[in-house]
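K.L.:
Sharing a structure with you now.
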Amino acid sequence: MHSPVYLRERRGDMKPGRKSLLIGCLMLVLAGVQVEQAQNAQLSGFDDYVNKAIKDWEVPGVAIAIIKDDKIVLAKGYGVKKLGDPTPVDERTVFAIGSSSKAFTGATVAMLVDEGKLKWNDPATKYLPGFETFDPYVTRELTVRDLMTHRSGLERGDFLWYGTENDRDEILRRTRYIKPSWSLRSNFGYQNLMFLAAGQIVGKLTGKTWDEFVAQRIFSPLGMNSSSTSIRAFKNGDNVASPHAKFGEKIEPIAWRNIDNIAPAGSINSNAVDMAKWIRLQLGEGIFQGQRLFSTAAAKEMHTPQTIIPISGNNAFLYPEAHFLTYGIGWFLSDYRGKEVVEHGGAIDGMRAQVALLPEEKLGVVILTNLNGTPLPHILMYKVFDAYLEGSRQKDWSGELLKTFNTLQEQGKTAAKKKEEARVLNTRPSLPIEKYAGTYKSDLYGEVKVTSESGKLNVRFGPAFVSELEHWHYDTFRAKFRAAGETLAFVTFSLDAQGKSEEVTLEIAPDYPFRRVPDMADTRSTVALTEAELKTFAGTFESKTPPIELSIEIIGGKLKVVLPGQPAYTLVPVAVNRFSVEGLPEGFFVQFEKSDGKVKSVTLVQGAGGSYVLSPK
C-alpha cells in the first residue's frame, strides 16, 4: 500500500543485537513476550549492522522481530520514534504496516471459504450486486480471486481514496469510471481498490465491518492487542512512532494519514511483537498455539502463485537474485538462494514495512520503519535470510544497494534537470490569471478548485494536494505539493474555441482531465415585480419539435418553471420579461414575449446548448 504519488513501493505497492553465546536454551520474558535470546553466531553483529544501516539510509527508527522454529529469537527496536525526541523505538512501538495488511484481507476471505460462505472463483458481483467496472465484460467475469491477485486490468485509481473524503461505498461506486490498462487477467497491475472490494464482501457476508471481522477473528485469537485497523484507535500516551518524509535534503516528521476509506488494502497499525504472532500463524499454515484459524488448504491457496510479475524496473532493484516473481493472494512469492520467499511490503505516508517468510526454514521476519519510501526493510530482510540459510554469507546488502539507490537518485535528478531545461522561457499565459479560476470536475476524481488571489493562482485537489501555482510556460503552471514529501507537478489548462479555460489536467492524474463547471448564474433580482405581475407569466407551454412541455407556476409567492421529472426551478427577474434560473449555470435564461399583456412565447436559453421556443398550450 502506498500514497499514489510519493511512495512508489516496489511492483507499484498503497502516491517503497550482538549477544554472548548462551549455553542451553535460555528463555527470558520481556514484558510478557517470550523471546529466545540464544542469538548465536547467526545474529552476531546484527545490532551493529542495523544501527549503521539506519544511519546510512537516514531512517529515524526501526523495529524488528525474527521468528525461527515458532519462537521469537529477536524482538527489538533501534533508533528513535521521532526526530528531535530521544525516546527510543522498542519492540512494542506501533507503526503503520501499509499494504502488508493485504494478507490479512486474504485471510479473512479464506476463512469464509473454509466456512462455505463463498468460493474463490465466485463472481464478485454475486456479493456486490451494484459493483461495476468500465467494461461490462470485466464486471461480469471478475471473481473474488481476481480482486486479490492484481489482475483486474484496471489502472490504479488511487486518488479516489488518498486524501479524499470518499467513503468505501463511494470509492467502489466510482470504480466504474476507471479505464482499463490491460485486459482482464493478462497483466499484473497493482490495485488497492480491488482489495477494498474484497473487504466489503467480508462485510456483506458476515454482517460486520471488515475492521470488526479482523479484530475478532485475527487480532483477538492471536493476542495482537496493540494492533488496530485505524489511527482513530490511538490514544494519548500510546507507544506510537511518528511518520517521517524527506523534504529536499531534510527529513521531517509528518502527520499520520487516516486511510480508513481503503482499510482492507492497507490500514493496519501494529508492532513487532504483534506481527511476530501473525508470522507464526502463517508459518504454522493456519495454526497458532494449537488453535486453527484457517485451513491448511487456505494457507496453501494464499501462498500459491496466481499472477506472474516481470522482474524489471523497481523489481530488478529489490529482487536482484530472484529467478521468478509472482503474486499469490495477499502475498508476493519469489525465490532466494533456492528457497521460496513469501512476503509483502507496505507503505503509507512516512512509514515502510516488510513482512517475510521462508516457509521451508520455518523462518520469518518483520521490519517496521518510520521513513517514507525507504527500501531498508527489504534490505534487512535479505540480511536476516542470509544469517539463517546454510552456508551463511556476509554480503553487505545495505552497502551494495545504497550505491545502486544513489545512482538511481542521480538519474532522477538528471531527468528533473532535463525537464527544467525543456521549459520555454519568456512566455505568458493565454488569459489573464483570474480567468483560469473556477471549479473543474471529473466523474472519477471529483473536483479541482482553482482560485485567484493577489495575482497568483492556487490549486486544491482535495485536502492532500494544495499549492500555489508557479507559471511554467504557456498555459502550464507548476504546483509544489507537500504531503508525504514534496512533489513538483505540472498543472495544464486547455482552452475552448471561444478562448475560455475549458479543462485542467494534473500531472499526477494525467489520463483524467477535469472539465470546467460552468459558473453559476447571478440570481440576484435586478427588477422588482409584484406577485400579481408574476402571475401574468404563468401558464402551460409546449414545443412540438423537439417535444417539450413545461408549466410556469406561482409557488410560495415565487415564479417557478416546472418540467416533468425535474425539480421546480425558481425564476429571478433580471429584466421586465427576462428571468435567470436559480441553481443553473450562467447563461441559462427564460425569456418571455408578450402581446396585449399575455404571453405569446417562452424561449429557454441554455447557454452554449442553444435555445428552444415554446408556445402557450
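The values are calculated or read from the model by the stated rules, or taken from the named source; none is laboratory data. Just so you know, these numbers come straight off a predicted model, no measurement behind them. Here Cβ is always computed from backbone atoms with ideal geometry, including for glycine, and neighbour counts include all displayed protein chains. Note: accessible area is taken over every heavy atom of the protein model, side chains too, but ligands, DNA and RNA are not part of it. Shrake-Rupley method; radii C 1.70, N 1.55, O 1.52, S 1.80 Å.
K.L.:
Answer with yes or no whether Ile548 is within 46 Å of the chain's Cα centre (by Cα) and surrounded by 14 or more Cβ atoms within 10 Å (Cβ to Cβ).
P.N.:
yes
K.L.:
Could I ask something else about it? For the range 119-161, enumerate the residues that are among the aromatic types (Phe, Trp, Tyr), farther than 22 Å from Gly203 by Cα and in contact with a helix residue (DSSP H, G or I) (Cβ under 8 Å, 6 or more places away or on another chain).
P.N.:
Passing the criteria: only Phe134.
K.L.:
Now a separate question. Name the residues in the range 53-73 that are open to solvent by 40 Å² or more (accessible area, probe 1.4 Å) and within 13 Å of Ile379 (Cα to Cα), would you?
P.N.:
Listed by number, the list holds a single entry, Asp56.
K.L.:
Moving on to the next point. Among the residues in the range 583-592, are any open to solvent by 60 Å² or more (accessible area, probe 1.4 Å), farther than 15 Å from Glu549 by Cα and either outside any loop (DSSP other than H, G, I, E, B) or among the charged types (D, E, K, R) (or both)? Lay out the reasoning, then the answer.
P.N.:
Residues of the range 583-592 open to solvent by 60 Å² or more (accessible area, probe 1.4 Å): 586.
Subset that is farther than 15 Å from Glu549 by Cα: 586.
Next, only the ones that are either outside any loop (DSSP other than H, G, I, E, B) or among the charged types (D, E, K, R) (or both) stay: 586.
Checked the range 583-592: at least one residue is open to solvent by 60 Å² or more (accessible area, probe 1.4 Å), farther than 15 Å from Glu549 by Cα and either outside any loop (DSSP other than H, G, I, E, B) or among the charged types (D, E, K, R) (or both).
K.L.:
Right, something else. Taking the range 533-553 as the region of interest, how many residues are at negative phi, small (Gly, Ala, Ser) and assigned to a strand (DSSP E or B)?
P.N.:
So the first thing to find is which residues in the range 533-553 are at negative phi, and the list is 533-538, 540-553.
Okay, now just the ones that are also small (Gly, Ala, Ser), so 538, 543, 551.
Next, from what is left, pick out any that are assigned to a strand (DSSP E or B): 543, 551.
Number satisfying all stated conditions: 2.
K.L.:
A further question follows. Would you call Ser551 among the hydroxyl-bearing types (Ser, Thr, Tyr) and in contact with a Phe, Trp or Tyr (Cβ under 8 Å, 6 or more places away or on another chain)?
P.N.:
yes
K.L.:
Give me the pairs: first residue in the range 351-370 and over 10 Å from Met275 (Cβ atoms), second residue small (Gly, Ala, Ser) and surrounded by fewer than 24 Cβ atoms within 10 Å (Cβ to Cβ), beta-carbon distance under 8 Å, and six or more apart or on different chains, which are they?
P.N.:
So the pair list comes out as Arg352/Gly373; Asn370/Ser242.
K.L.:
Looking at the range 132-239, what helices (runs of 4 or more DSSP H) fall wholly within it and have at least 2 residues that are hydroxyl-bearing (Ser, Thr, Tyr) and over 19 Å from the mean Cα position of the chain (by Cα)?
P.N.:
Those helices (runs of 4 or more DSSP H) span 136-141.
K.L.:
Can you pull out every residue in the range 368-380 that is crowded, with 24+ Cβ neighbours inside 10 Å and in contact with a His (Cβ under 8 Å, 6 or more places away or on another chain)?
P.N.:
If the condition is that a residue be crowded, with 24+ Cβ neighbours inside 10 Å and in contact with a His (Cβ under 8 Å, 6 or more places away or on another chain), then Asn370, Leu371, Asn372 are the ones that fit.
K.L.:
Looking at (1) touching a helix residue (DSSP H, G or I) at 6+ places or on another chain (Cβ under 8 Å); (2) of a type in the set (A, V, I, L, M, F, W, C); (3) surrounded by fewer than 15 Cβ atoms within 10 Å (Cβ to Cβ), find the lone condition where Ala509 falls short.
P.N.:
(3)
K.L.:
Go over the candidates Leu425, Leu401, Leu444 one by one and state the one that is open to solvent by less than 10 Å² (accessible area, probe 1.4 Å) and either in contact with a strand residue (DSSP E or B) (Cβ under 7 Å, 6 or more places away or on another chain) or not in a strand (DSSP E or B) (or both).
P.N.:
Only one candidate qualifies: Leu444.
K.L.:
Would you pick out the residues in the range 186-202 that are out of contact with any strand residue (DSSP E or B) (no Cβ under 8 Å at 6 or more places or on another chain) and open to solvent by 20 Å² or more (accessible area, probe 1.4 Å)?
P.N.:
Listed by number, the residues that qualify are Ser186, Asn187, Gln200.
K.L.:
Just one of Glu434, Glu470 is in a strand (DSSP E or B), open to solvent by 50 Å² or more (accessible area, probe 1.4 Å) and over 30 Å from Arg352 (Cα atoms); which is it?
P.N.:
Among Glu434, Glu470, only Glu470 is in a strand (DSSP E or B), open to solvent by 50 Å² or more (accessible area, probe 1.4 Å) and over 30 Å from Arg352 (Cα atoms).
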